[in-house]
């Protein structure tokens, strides 16, 4: 331990670093729990708690005493939250991944994550590269690469580092020899960390990309050609075997065959051969950027492919696989480029998450729900505390009507879904007459499209994404006043879209987003957990419901209601609510009675 280390973290030390004049009661309670466990705790902190200020003050208290024990890092799921924290606390250092920067080598027209960056650096082609030891551009006449300059500065800064989960994982964790250990870490939106890391550590190997790589390796006469061709043939044969059973998880023998072939490919030699070809001008990096990127990704990810494939194998009699792989063929093409692909998914990420801990780690979210299910998903087993709601429960309603149908696939009857969707569209239209707009959420694009069609028939101006409009842009346009109802899937809009100040005081959730039993991850989880998986699936559904419920209640003066329409919600919604929300629950009224109550509540605003 360094001489300046805080051996015992106290409330007073955190209070001293608090950035604002007044401290909320929940912030005082948060500091009390952090100090009680000397800086390692899991907090359920509802909207309005001031979580960011809690995390900032905790890290500042550690950093103020020196960084002999490593960096202080605030980790968030996305760049929007990183930017928000920087606005609130300008003294922090922020860092983003390559996908947030332009590549100067290609004139700034390409995203730095879409170009063969490492090959350009390795071959000496890119003069913009910033040496990570000196901070100097390779070619002094060139403008410094903004990504590498940011990374150089972040490594040397003594400030609190605020970054995305992706940056912390790939840049910090996988290069600890250069960054060192973390003294203290905050995980914001902790309920999402396992799923985020699973996504980051999952890979797709397409026949199109492999074929492009083979063509280029053949042209430059790389000795890695034969090994890659052999892997390609094995991949095609296995995918063909799965043509009639798309998305079925690979068996042990198939995974072993893929690992055996991949281990024959020398990634370092492949990169070296391409780098030499670039130096000798045998390959034009501007004309063949896409192919070079395919090879770079293959070479850089090869060890991870192998490692993940190995995790997909059972080891020992009782140890179950920690990952899975499956084939996805012809039905989903990318502009004719992807015919077949193998998807390799990491699943058991508990070890990775533990490796992200600092010497002290605070994790929090507005929605933790069942701490045992949370632990089952993330592996985080810190002392747990749920802080009280900051906003009055009288300002919200959570409706689970008694007369709506059960929309579960095995129970829904013909025509029931369409009738309910039309009813919701009519209610959205009725609310519009009183100036109140709505957010409509459904698990599938099919359901959203059906609602859009019915909305048009009801003369309702429904706004959604697609046809070149990203989901984030559609949400921005809606906030700016366009449309009567914002429509999207659970994946797009149940989290991360804030609609305060009566932008959309009414929310409709069509049904719970339980996994499709044919989905590979659902297959894997069922094999791993058996019937116990329902606790995990129900927890995820509940987290989505709680996150969705909070989209329109962002301040103490907001008034908002949420309709959970399928009868499935009545089976678990009330029991899963935190105590402070239970007074807002209405589960013994008809849909019409819920609408009438919502109109009365919203009329008070």
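The values are calculated or read from the model by the stated rules, or taken from the named source; none is laboratory data. None of these values were measured; they are calculated from a predicted model. Here the Cβ positions follow ideal geometry from the backbone for every residue, glycine too, while neighbour counts run over all protein chains shown.
Listed values, structure above:
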quantity	calculated
Residue check for residue 313: closer than 15 Å to residue 252 by Cβ and without any contact (Cβ under 8 Å) to a residue 40 or more places away in the chain	no
Residue 243 vs. criteria farther than 28 Å from residue 97 by Cβ and in a loop (DSSP other than H, G, I, E, B)	yes
Residue identified as touching a residue at least 60 places away in the same chain (Cβ under 8 Å) and under 19 Å from residue 447 (Cβ atoms) among 493, 585, 569	569
Yes/no for residue 522 being at negative phi and without any contact (Cβ under 8 Å) to a residue 24 or more places away in the chain	yes
Scan of the stretch 176-195 for residues that are surrounded by fewer than 20 Cβ atoms within 10 Å (Cβ to Cβ) and in a helix (DSSP H, G or I), ordered by number	176, 177, 178, 179, 195
Positions within the stretch 246-265 being assigned to a loop (DSSP other than H, G, I, E, B), closer than 17 Å to residue 307 by Cβ and under 32 Å from the mean Cα position of the chain (by Cα), in sequence order	250, 263, 265
Residue satisfying condition, being over 15 Å from residue 344 (Cα atoms), modelled with pLDDT of 90 or more and either surrounded by fewer than 19 Cβ atoms within 10 Å (Cβ to Cβ) or in the same structural domain as residue 324 (by TED's automatic domain parsing) (or both), within set 258, 228	228
Matching residues in the stretch 155-175 - criterion: being within 23 Å of the chain's Cα centre (by Cα) and in a helix (DSSP H, G or I)	165, 166, 167, 168, 169, 170, 171, 172, 173, 174, 175
Selection status of residue 520, at pLDDT below 95 and under 30 Å from residue 247 (Cα atoms)	yes
Verdict on residue 200 being surrounded by 15 or more Cβ atoms within 10 Å (Cβ to Cβ), without any contact (Cβ under 8 Å) to a residue 40 or more places away in the chain and either at negative phi or under 23 Å from the mean Cα position of the chain (by Cα) (or both)	yes
